[in-house]
């Protein structure tokens with residue numbers, strides 16, 4: 001199991017706009033792609049000084065599934081134009097980690 005982690009930052013004025021965009025358009029679009037091996041996505045949000053930081057954590061069964069989502073350069077960020085308009089800055093590269101133990105204690 002692979003976790004794909006990405007960070008983006010926006011202004012406090014755009015934070016609710018960005019979160020709604022993620023929830024109503026971007027996440028729906030990802031799910032509608034029906035990528036074999038895509039498991040789920042989580043959204044984290046926190047105020048960080050004069051910015052609001054967002055973290056997405058996507059889970060995939062394998063790096064091959066990540067490549068279906070992101071392309072051959074699977075570490076490259078996937079940020080649609082609509083999101084770029086409201087983000088102040090964002091990671092150009094995503095980080096990928098092997099999930100070794102799940103919340104129920106199972107070794108993956």
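The values are calculated or read from the model by the stated rules, or taken from the named source; none is laboratory data. Here the structure is a predicted model, which means the values were calculated and not measured. Virtual Cβ from ideal backbone geometry, glycine too; neighbours counted across all protein chains shown.
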Across segment 1-34, which residue is surrounded by the most Cβ atoms within 10 Å (Cβ to Cβ) among those that are touching a residue at least 60 places away in the same chain (Cβ under 8 Å), under 24 Å from residue 99 (Cβ atoms) and touching a helix residue (DSSP H, G or I) at 6+ places or on another chain (Cβ under 7 Å)? 4
Looking at the structure I just gave you, is residue 24 more than 12 Å from the chain's Cα centre (by Cα) and either at pLDDT below 95 or under 17 Å from residue 87 (Cβ atoms) (or both)? yes
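If I filter segment 92-108 down to residues being assigned to a strand (DSSP E or B) and farther than 21 Å from residue 78 by Cα, which single residue comes out as modelled with the lowest pLDDT?
Per the stated criteria, the residue is 107.
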